[in-house]
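J.: One structure, as structure tokens, below. Some questions next.
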Amino acid sequence: MQDAKLQSPRSELFRPHNLSLTDGRGPRGVYMRMISCRLVLAIALIAASGCDSGSDKNLSGTASPRPPASAPEVPPPRDIPPESLPNDATKLNVEAAFPGPGEARVALVSPVSVEFDEDLLAGQTLTESIRVTTGDNTEVPGTVSQTSDDSLLFRPANPWQANTLYSVEIDPALMSDDGRLVDNVVRWNFTTIADVHTTPQSVIDLCMSDADVEMLATVNRARTSARDCRGVPYPATGKLVWNCRLQEAAITHSQDMASNNFFEHAGSDGSNHVQRISRTGYVARATGENLAAGYRSIEAAVEGLLTSTKGHCEIIMEANFTEFGSGYAVNPDSDYQRYWTQNFAQPR
């Protein structure tokens, strides 16, 4: 939170928020409201949380197991710029690949797909045709398969490590059906994204900014560490994946708060977070929303929510949630200037 705001005599403008649990039929009688904002603001000075954050949760029905993981999507190969790799008319050349040379923000579940400029010779051994190594030249275990006459796929045995540089090398003995071999040195690097768990490449490319990546990685780091939330122990739990519709609902609310200078779960149109999420077309079994305002960084905002005395930590650590999206908006003329909304959900 901004120091000027903490020191301001208008600290009574920090307003408390409610935590309500519903079962889809209405309140279950769990309703909490902080009486003294001055007291919570005093806590905020120590713990960077309190009246500048809010939480709201809706859990419908009983807890449900996580759905079985589906096979990771295979992003299509992208054309290789001529200057990026050797290209010789007498050789078998790489025409397209994903991840390609210099590719960044690669999903942790994206395999390596390579397309050549000629069909491959049938019957040749492909086990060593694509080799992937880390920066210290440690070979990544995986399998190679032929996906079409001119294309190969390397699928790692485990997800890639986050924020890691990898090197792809094509076996020079690989041969086309007309007898051409790969150039002796066909090698390129790519870098993986931060810990966005199994968020697919299509989602990363469609709607995730670098700030979104940082927010999800920070939340995932928090969820994978056991912690106490208001004195109640919560075990480490599963990581979340990004969802563009949850993000859309979160951005809408953050922009609404920033533009209209308020800080509440209820939107200026009277909507609650369940309605805002539903409007995007997302069909949820369980949902939750955290709000924070005034913080200067993602790390500070998440830390404030985790150390809050008003239920935000519980929402972050809720094991039923599997998907996540957040939104951020700024209005320098508003009371808090920076507004954060986090949406958590389990799809139906």
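The values are calculated or read from the model by the stated rules, or taken from the named source; none is laboratory data. Quick caveat: nothing in here was measured; it's all calculated off a predicted structure. All Cβ positions, even for glycine, are placed from backbone atoms using ideal geometry, and neighbour counts span all protein chains on display. With ligands, DNA and RNA removed, areas are computed over all heavy atoms of the protein, side chains included. Shrake-Rupley method; radii C 1.70, N 1.55, O 1.52, S 1.80 Å.
J.: Pick from the stretch 307-316 the residues that are in a helix (DSSP H, G or I) and either of a type in the set (V, I, T) or surrounded by fewer than 22 Cβ atoms within 10 Å (Cβ to Cβ) (or both): which of them is farthest from the chain's Cα centre (by Cα)? Before the answer, list the steps.
T.: Initial filter on the stretch 307-316 (in a helix (DSSP H, G or I)): 312-316.
Right, trim to either of a type in the set (V, I, T) or surrounded by fewer than 22 Cβ atoms within 10 Å (Cβ to Cβ) (or both) and you get 314-316.
On the way: E314: 19, I315: 16, I316: 14 Å.
Top of the filtered list is E314.
J.: With the checklist (1) within 18 Å of E214 (Cβ to Cβ); (2) free of Cβ contacts under 8 Å to residues at least 24 places away in the same chain in hand, flag the one item G267 doesn't pass.
T.: Evaluating G267 over (1) within 18 Å of E214 (Cβ to Cβ); (2) free of Cβ contacts under 8 Å to residues at least 24 places away in the same chain leaves (1) as the failure.
J.: For the stretch 167-197, how many residues are under 27 Å from R223 (Cα atoms) and not polar (S, T, N, Q)? Lay out the reasoning, then the answer.
T.: As a first pass, look at the stretch 167-197 and keep what is under 27 Å from R223 (Cα atoms): 191-197.
Right, trim to not polar (S, T, N, Q) and you get 193-197.
Result for the stretch 167-197: 5.
J.: Filter the stretch 280-290 down to residues that are over 17 Å from C229 (Cα atoms) and in a strand (DSSP E or B) and give me whichever is most open to solvent (accessible area, probe 1.4 Å).
T.: Initially, the stretch 280-290 is screened for residues over 17 Å from C229 (Cα atoms), giving 280-287.
Narrowing the set further to residues that are in a strand (DSSP E or B) leaves 284-287.
Details: A284: 28, R285: 73, A286: 5, T287: 5 Å².
Only one residue fits best here, namely R285.
J.: Are any of the residues in the stretch 130-147 in a loop (DSSP other than H, G, I, E, B), modelled with pLDDT under 95, among the polar types (S, T, N, Q) and open to solvent by 10 Å² or more (accessible area, probe 1.4 Å)? Show your work before the answer.
T.: In the first step, residues of the stretch 130-147 are kept if they are in a loop (DSSP other than H, G, I, E, B); the result is 135-138, 140-141.
If we keep only those that are modelled with pLDDT under 95 as well, we get 135-137.
Still in the list and also among the polar types (S, T, N, Q): 137.
If we keep only those that are open to solvent by 10 Å² or more (accessible area, probe 1.4 Å) as well, we get 137.
The answer is yes; a qualifying residue exists.
J.: On to the next question. From the list G102, G61, which residue is over 30 Å from A293 (Cα atoms) and either of a type in the set (F, W, Y) or modelled with pLDDT of 95 or more (or both)? Quick ask: steps written out before the conclusion?
T.: On the way: G61 fails: either of a type in the set (F, W, Y) or modelled with pLDDT of 95 or more (or both).
Sole residue among the options that is over 30 Å from A293 (Cα atoms) and either of a type in the set (F, W, Y) or modelled with pLDDT of 95 or more (or both): G102.
J.: Report whether or not R155 is among the charged types (D, E, K, R), more than 13 Å from the chain's Cα centre (by Cα), open to solvent by less than 50 Å² (accessible area, probe 1.4 Å) and more than 27 Å from E303 (Cα to Cα). Steps first, answer last, please.
T.: On the way: among the charged types (D, E, K, R): yes; more than 13 Å from the chain's Cα centre (by Cα): yes; open to solvent by less than 50 Å² (accessible area, probe 1.4 Å): no; more than 27 Å from E303 (Cα to Cα): yes.
So R155 does not fit the description; no.
J.: Looking at the stretch 327-344 only, could you name the residues that are open to solvent by 40 Å² or more (accessible area, probe 1.4 Å), assigned to a strand (DSSP E or B) and either aliphatic (A, V, I, L, M) or without any contact (Cβ under 8 Å) to a residue 24 or more places away in the chain (or both)?
T.: Here is the first cut: in the stretch 327-344, the ones open to solvent by 40 Å² or more (accessible area, probe 1.4 Å) are 328, 330, 332-333, 335, 337-338.
Checking the rest, the ones that are also assigned to a strand (DSSP E or B) come to 328, 330, 338.
Once the filter is applied, which keeps residues that are open to solvent by 40 Å² or more (accessible area, probe 1.4 Å), assigned to a strand (DSSP E or B) and either aliphatic (A, V, I, L, M) or without any contact (Cβ under 8 Å) to a residue 24 or more places away in the chain (or both), the stretch 327-344 yields only V330.
J.: Hey, another quick one. Among all residue pairs at least 6 apart or on different chains, which show Cβ distances below 8 Å where the first residue, located in the stretch 100-111, is of a type outside the set (A, V, I, L, M) and the second is at pLDDT 95 or above and buried (at least 24 other Cβ atoms within 10 Å of the Cβ)?
T.: Pairs found: S110/P99.
J.: State the number of residues belonging to the stretch 148-172 that are touching a Phe, Trp or Tyr at 6+ places or on another chain (Cβ under 8 Å) and either in a loop (DSSP other than H, G, I, E, B) or farther than 18 Å from W188 by Cα (or both).
T.: Residues meeting the conditions: 2.
J.: Would you call E299 touching a Gly at 6+ places or on another chain (Cβ under 8 Å) and in a helix (DSSP H, G or I)? Spell out the reasoning first.
T.: Numbers: touching a Gly at 6+ places or on another chain (Cβ under 8 Å): no; in a helix (DSSP H, G or I): yes.
It is false that E299 is touching a Gly at 6+ places or on another chain (Cβ under 8 Å) and in a helix (DSSP H, G or I).
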